[in-house]
Amino acid sequence: MKAFQLVAPGKAEITEVDVPEPGPGEVLLEVTGSGVCHSDLHLLHVEGLPFPMTLGHEPAGRVAAAGPDVTGWDTGATAIGYLAWGCGVCRQCAVGAENVCERFPRAFPPGPGLGYPGAMAEYMLFPARALVPLGDLDPVESAPLADAGLTPYHAIVRSRDLLTPSATAVVIGVGGLGHMAVQILRAVTGSRIVAVDVDPARLRAARTYGADEALVSDGDVTAAILDLTGGVGADVVLDFVGSQATMAIGAATIASYGDLAVVGLAGGTLAFGGEITARGLPWGVTVSTPYGGTRRDLHEVLALARQGRIKAQVERHPLADAAAVLDRLEAGQVQGRAVLIP
C-alpha cells in the first residue's frame, strides 16, 4: 500500500509498505480521509522520532478486518479514530482521558501519526477501543473532527464555568482548529465570541461560523479587545497559534481570574514572576496547554456534528499530493482543514 512517511528529520515522502495484519484487540481500518494538521509540520522538525513513521493523526475510515477477540465492529462500518493511545488501565484511562495516561507521565501518549503508523496511508491499524462509530457522518469530511474538533472542544469544556452568557471568549487564529472553536463556542455557550486572525478571509468566514466580532491581528487588536470588554478583558482566551505575538495578545487581554489556553505550537512564551511588575498577567489567571481531549469528548464532538451544529471546512486532496498540501499549509494557504484521500 501507499503511505506518506517521515523518513528523516525534515523529509517526508510517499513510500510503499506492506498492508498490516490486525492482531488481538486491533482493527484494520481502510482510510477514507486523513486530516492534515500544523502538528504534522511540527513533526518534520522534531529530533528523536522513530523513522520511518507514517504521518496522520486525524483518521476516518471503514473497518476492513478485525483481529482476534474484537467484538462490536462489523466489516464496512465507518469510524473515526481517537488520537491518544494510553495504557487503558490507569485511573485516567479508566475515565476515557487517555490523553493524560499515567503510563506517560508529564508527556503526551503516542498515537496514530504521533509515534505509531498514522492515517496518511491506504490502511492502518487501530486499537478497537480507540475507534468511535461515525454513523451517518461523511467518512471523508468528518476526519478533522478527530483533532480539529476534539482539541478545541476539550479546551472549551475546561473553561465552561466561565463561559456564561455575559462572558467574552477570544479565539486567536481561526484556521484549522480555530474555525471549529468558534462553532463549538456558539453551539455550547451563550458567550460573546471574538475572532482574531491576520487573514481577512478567515475573519469573514469566522463571522459565518458564529463570531460576534472579527478583528485583524495588528497593533490595535489589544486595545480593541479591551475596548469591547470595557477594559476588563476577556474571560477566556483560546490561542490556536502560540507564537510570541499571539501569546502577548492573550496576556494583555485576559481578565483577572480568566482562563488562557495555549493550544498552538509556534514557540511563544509568557512572562511570569513573583511580583506584579514581572508577572505579565493579571491576578488569578489560569494558563493551560490542553492536549487533545478525552474519548468522551470525541463522542460529544460527533454528536454536535450529527446535529448539524458544527462542520469542518474541508479541502479534499489525493494522498499523492501530501507533500504539496503540507507546503500550502505552511504558507497559510489552506482554508479550514485539508483532508488527504487515499
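Just so you know, all these numbers are worked out from the coordinates, no wet-lab data involved. If you're wondering where the values come from, they're calculated on a predicted model, not measured in any experiment. Neighbour counts run over all protein chains shown; Cβ positions are idealised from the backbone, glycine included.
Per-structure values
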{"quantity": "Residue-by-residue Karplus 3J(HN,Hα) for the range 214-221, coefficients 6.51, -1.76, 1.60, Hz, glycine and proline x", "calculated": "9, 10, 5, 7, 10, x, 9, 5"}
{"quantity": "Mean Cβ neighbour count within 10 Å, used as a protection proxy, ranking 130-138, 250-258 highest first", "calculated": "250-258, 130-138"}
{"quantity": "The chain, dipole about Cα centre (Lys/Arg Cβ +1, Asp/Glu Cβ -1), debye to the nearest 20", "calculated": "660"}
{"quantity": "Neighbourhood net charge (12 Å Cβ-Cβ; Lys/Arg +1, Asp/Glu -1) for THR164", "calculated": "0"}
{"quantity": "For the range 155-171, 3J(HN,Hα) per residue [Karplus equation, 6.51 cos²θ - 1.76 cosθ + 1.60, θ = phi - 60°, Hz, x = Gly/Pro]", "calculated": "5, 5, 4, 4, 10, 4, 4, 8, 8, 8, x, 8, 8, 10, 10, 9, 10"}
{"quantity": "Estimated 222 nm signal from helices in the chain, with DSSP H stretches of n ≥ 4 weighted -39500 (n - 2.57), rounded to 500", "calculated": "-6500 deg cm²/dmol"}
{"quantity": "Ranked list, fewest to most other Cβ atoms within 10 Å of each Cβ, for ILE184, ILE80, ILE341", "calculated": "ILE341, ILE184, ILE80"}
{"quantity": "Listed residues LEU203, GLY292, SER217: farthest to the positive end of the dipole of the range 195-342 (Cβ charges)", "calculated": "GLY292"}
{"quantity": "Amide H partners (placed H, <5 Å) of ALA214, local residues excluded", "calculated": "ALA195"}
{"quantity": "Positive-end residue of SER191, THR15, PRO318, charge dipole of the chain with Cβ unit charges", "calculated": "SER191"}
{"quantity": "Local electrostatic count at ILE249 - Lys and Arg +1, Asp and Glu -1, tallied over other residues with Cβ under 12 Å", "calculated": "-4"}
{"quantity": "For peptides 86-98, 109-121, sequence by mean Cβ density within 10 Å, most packed first", "calculated": "109-121, 86-98"}
{"quantity": "Assigned charges on the beta-carbon of Lys, Arg, Asp, Glu; the range 151-288 dipole about Cα centre (debye)", "calculated": "340"}
